[in-house]
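The values are calculated or read from the model by the stated rules, or taken from the named source; none is laboratory data. Just so we're clear, the structure is a prediction, and the values are computed from it rather than from any experiment. Note that each Cβ is placed from the backbone with ideal geometry, even for glycine, and that neighbours are counted across all protein chains shown. Side chains are part of the model used for accessible areas, which takes the heavy atoms of the whole protein and leaves out ligands, DNA and RNA. Shrake-Rupley method; radii C 1.70, N 1.55, O 1.52, S 1.80 Å.
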Amino acid sequence: MRPRVVTIPSAADDKAATLQAAVELETEPDNIRVKEVSGGQFRAQILNADADLDIEISPDWMSATIIGYAPQVGEGKPLSNNLITRILRDNGILFGIDEEACAELIKKVDASGKIEGIVIAKGKEPVPPKNAKLEPEGDLRYPVFPMMTICNKVAATEGVPGENIKSEEVAIPGAASQGKDLVIEAIEGVEISDDEISAIATTYGLAKIVAGRVSVEPLLDISENNMTLTTTLFLHDSQGEDITIERMQEVLKSLELVHGFDEEVFKQTRQTLLEESVKTNEEEDGEDQPVPSVEGVVLMRGEPEKDGDDARLELFYEKDGGAPKDENARVDLREFNSMRNVKTGQKLASYIPAQVGVPGKTLKGEPIPAKDGKETEFHAGENVNVSDDGTEFTSAIDGVIVFARNILSVTDVVEIKGNVDYSSGNVHIDKGSVNIQGSILSEFMVESPGTILVGEGIESAIVIAGGDVEVKRGIMMQDKGKITACGSVIAHFANNAIIETEGDVQIDNEISNCKIKAEGKVIALNGKGVIMGGTIQAGKGIEAHELGSAMGVKTQIIIDVSSPEHDNLVREKLATLEVISKIRRTIGNEPPKVILERTPLAKRKIMLELIKAQMGHLEKVQKIDQELEKMAQERKASAKAVVNVYKTIHPGVSITIAGVHMQTKKALGRCCLKYDLSTDEIRILPLAEETSEKTA
């Protein structure tokens, strides 16, 4: 801003002071008024001056700011747009003059307002080049559907030079004047548009963009056997459109998944999401807020095949001292407080023929064949009459039912009033059943071709029954004793017991540290229903409330019962390996050629026979191994027995089904463990709803 008053320190007279002041104030002499202050010193002042501005210019000449103002003097011009432009030009400012700032400046001057700090001119910053980038379409925290655009490519741009307020060019920073291009790389679940600008989803999932690579993490998990589909559900997709049943079904149909969609599960899950969304909206909004979603939703279930039940006998009997059961009521062997006494002419059983299997259906609508039940011949044994059509069995005498190896008999009963001890001695009967009102004490033996009923308990004794063994109280063994039954074994509890049975083992309260091998089921569902410690092996499944213990007691659960043919082959293999071992101890382990070369000529004939014998035995072992492997594969293919646990499986329980092993590493709640032939592994599944009544 030009000065309007100046002091002339020394001048000869008024005229000389005026001429000197005109130069310094840049005006005409007649526009100057001087006044001598003291001898030879003058004060000079402009008479007429236009309004003026004090301007601060940034060092880089990219902005100019008003920091002061001087009003017009005398006949000088007031501030106007033209005057401002002239003042700025006089200061070298030729570019970027802000007309709105000029108008504001004039307005404030007229109103005697504050004008300092008004930016009157700005340069144009240079624009650096921009690399191409991928811009998401929507909120990718939410899922995309097939055919939805995930992102679009924003093209690279050239850099643009700037211009300062002196109207000089400002160079683009850096060496490059053009941004780098980008090629979209499609990974899983993505395809690129024909113009190579957009990434399009091909599946339902969560999209990700990382360094030009676009992928979709699928949210549809289809089981290997095509029987279940598990997903994660959201309220809406990445572009805010609601996820509906129709949209989900359209996606599934594109995957040829057409059977088993659970609309009720979808609706319930959506309701849960709506409630969660309301809670989220009540909190602070923002991208850091969790996105409402529900994982692990089983949205589709196939229909498993249902193999037909094998033919069976449905047994009926009269409770001891009570009225006969209704003929339509099935016998519950867990009712061990009742002895299976029957009267002459009483109906014992009905034959239920094999049932036809019901085919299943996969998620793709493919049929799953089911096996029809096997027909089985049941025979009437001693003292049992059968109807002409072979479906009704009745008793010919008063006695006790014995059902074993598909033969239904009624036998006489040998009554033992007290214990089996030194007063009675060991009990061996060739015919009928035994009813022991007391206990079977340690080191004694009871053997019967029929059923053995025990009113109290069994200690470390040997018990062999051609039918069932029923114990009102418990089985308590210590290192000795064993129960062998062709039927089932039923007791209130079992501790350190050794039990082998062709039927079921049904223990009410606790199976503790026992060694059990049952061709049927092992069941512990009444009372505590705990299986803890020992080795429990069953051919048709195991059911219990708890397996193992919180203390980590070693518990082995095995679903697989070897057939007699399998056991015979194993014994034959062991015997053959022993023969091979003896031969090798005689001839050594070298190759036959080496053995013969070191053998004296006189003994080579005998040595050659031994070598041939060894080779024959090795070939035999190889054939046995092949047969055992074939049996193992057949067992796996038909392995449908399961382990049902209604409360808890504790950590450390070892489980083997069809030769496949697993060990629980953490506690598992109510579940079903089942062998999956397609994956050759044990699967942990939710317990079927129809089994829930057993926990009541």
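The condition (being among the basic types (Lys, Arg) and either touching a residue at least 24 places away in the same chain (Cβ under 8 Å) or not in a strand (DSSP E or B) (or both)) is satisfied by just one residue among ARG89, ARG33: ARG89. Here ILE115 meets each of (1) part of a loop (DSSP other than H, G, I, E, B); (2) open to solvent by less than 50 Å² (accessible area, probe 1.4 Å); (3) at negative phi; (4) in contact with a Ser or Thr (Cβ under 9 Å, 6 or more places away or on another chain) with one exception, condition (4).
GLU163 - would you say it is open to solvent by 70 Å² or more (accessible area, probe 1.4 Å) and either modelled with pLDDT under 95 or on the phi < 0 side of the Ramachandran plot (or both)?
Working: open to solvent by 70 Å² or more (accessible area, probe 1.4 Å): no; either modelled with pLDDT under 95 or on the phi < 0 side of the Ramachandran plot (or both): yes.
No: the conditions fail for GLU163.
In segment 47-86, what residues are part of a loop (DSSP other than H, G, I, E, B) and either touching a Cys at 6+ places or on another chain (Cβ under 6 Å) or among the acidic types (Asp, Glu) (or both)?
Filtering segment 47-86 for residues part of a loop (DSSP other than H, G, I, E, B) gives 47-48, 50-51, 58-62, 71-72, 74-80.
ASP50, ASP60, GLU75, listed by residue number.
Among residues of segment 217-243 that are surrounded by 18 or more Cβ atoms within 10 Å (Cβ to Cβ), those with a Cβ under 8 angstrom from a residue that is part of a loop (DSSP other than H, G, I, E, B) and among the basic types (Lys, Arg), sequence gap 6+ or separate chain, pair up as ASN226/LYS364; SER238/ARG141.
Tell me, yes or no, whether segment 55-70 has at least one residue that is under 17 Å from ALA103 (Cα atoms), among the aliphatic types (A, V, I, L, M) and out of contact with any strand residue (DSSP E or B) (no Cβ under 6 Å at 6 or more places or on another chain). No: zero hits. In segment 346-368 there is at least one residue that is assigned to a strand (DSSP E or B) and without any contact (Cβ under 8 Å) to a residue 40 or more places away in the chain. Going through (1) modelled with pLDDT of 95 or more; (2) not in a loop (DSSP other than H, G, I, E, B) one by one, GLU104 falls short only on (1).
Quick one: which residue in LEU274, LEU252 is assigned to a helix (DSSP H, G or I), aliphatic (A, V, I, L, M) and either touching a Phe, Trp or Tyr at 6+ places or on another chain (Cβ under 6 Å) or crowded, with 19+ Cβ neighbours inside 10 Å (or both)? Walk me through it before giving the result.
Values: LEU274 fails: either touching a Phe, Trp or Tyr at 6+ places or on another chain (Cβ under 6 Å) or crowded, with 19+ Cβ neighbours inside 10 Å (or both).
Going through LEU274, LEU252 in turn, just one is assigned to a helix (DSSP H, G or I), aliphatic (A, V, I, L, M) and either touching a Phe, Trp or Tyr at 6+ places or on another chain (Cβ under 6 Å) or crowded, with 19+ Cβ neighbours inside 10 Å (or both): LEU252.
Select from segment 86-109 the residues that are touching a Ser or Thr at 6+ places or on another chain (Cβ under 9 Å) and over 14 Å from ALA64 (Cβ atoms) and list them in ascending order. Hit for segment 86-109 is ILE106, nothing else.
Any idea which of LYS612, LYS623 is open to solvent by 40 Å² or more (accessible area, probe 1.4 Å), basic (Lys, Arg) and over 27 Å from ASP567 (Cα atoms)? Break it down stepwise before answering.
On the way: LYS623 fails: over 27 Å from ASP567 (Cα atoms).
Result of the check over LYS612, LYS623: LYS612.
For segment 189-203, does any single residue satisfy the condition of being farther than 23 Å from LYS153 by Cβ and either within 20 Å of the chain's Cα centre (by Cα) or free of Cβ contacts under 8 Å to residues at least 40 places away in the same chain (or both)?
Step one: of segment 189-203, the residues farther than 23 Å from LYS153 by Cβ are none.
No - not one qualifying residue is present in segment 189-203.
Checking each residue in segment 458-472 for being open to solvent by 10 Å² or more (accessible area, probe 1.4 Å) and either more than 21 Å from TYR422 (Cβ to Cβ) or in a strand (DSSP E or B) (or both) picks out ILE462, ILE464, GLY466, LYS472. If you go through segment 518-535 and pick out every residue that is without any contact (Cβ under 8 Å) to a residue 40 or more places away in the chain, among the aliphatic types (A, V, I, L, M) and either out of contact with any His (no Cβ under 7 Å at 6 or more places or on another chain) or under 15 Å from VAL489 (Cβ atoms) (or both), you end up with 4. For segment 478-487, a residue qualifies if it is open to solvent by 10 Å² or more (accessible area, probe 1.4 Å) and either among the aromatic types (Phe, Trp, Tyr) or over 18 Å from SER442 (Cβ atoms) (or both), and exactly one does: CYS486. Only one of the listed residues (ILE475, ILE498) is surrounded by 24 or more Cβ atoms within 10 Å (Cβ to Cβ) and modelled with pLDDT of 95 or more. That residue is ILE475.
Which count do you get for residues in segment 398-448 that are assigned to a loop (DSSP other than H, G, I, E, B), at pLDDT below 90 and either surrounded by 17 or more Cβ atoms within 10 Å (Cβ to Cβ) or not small (Gly, Ala, Ser) (or both)? The qualifying residues number 10. Taking (1) at pLDDT 90 or above; (2) farther than 25 Å from ASP194 by Cα in turn, GLU137 satisfies each apart from (2).
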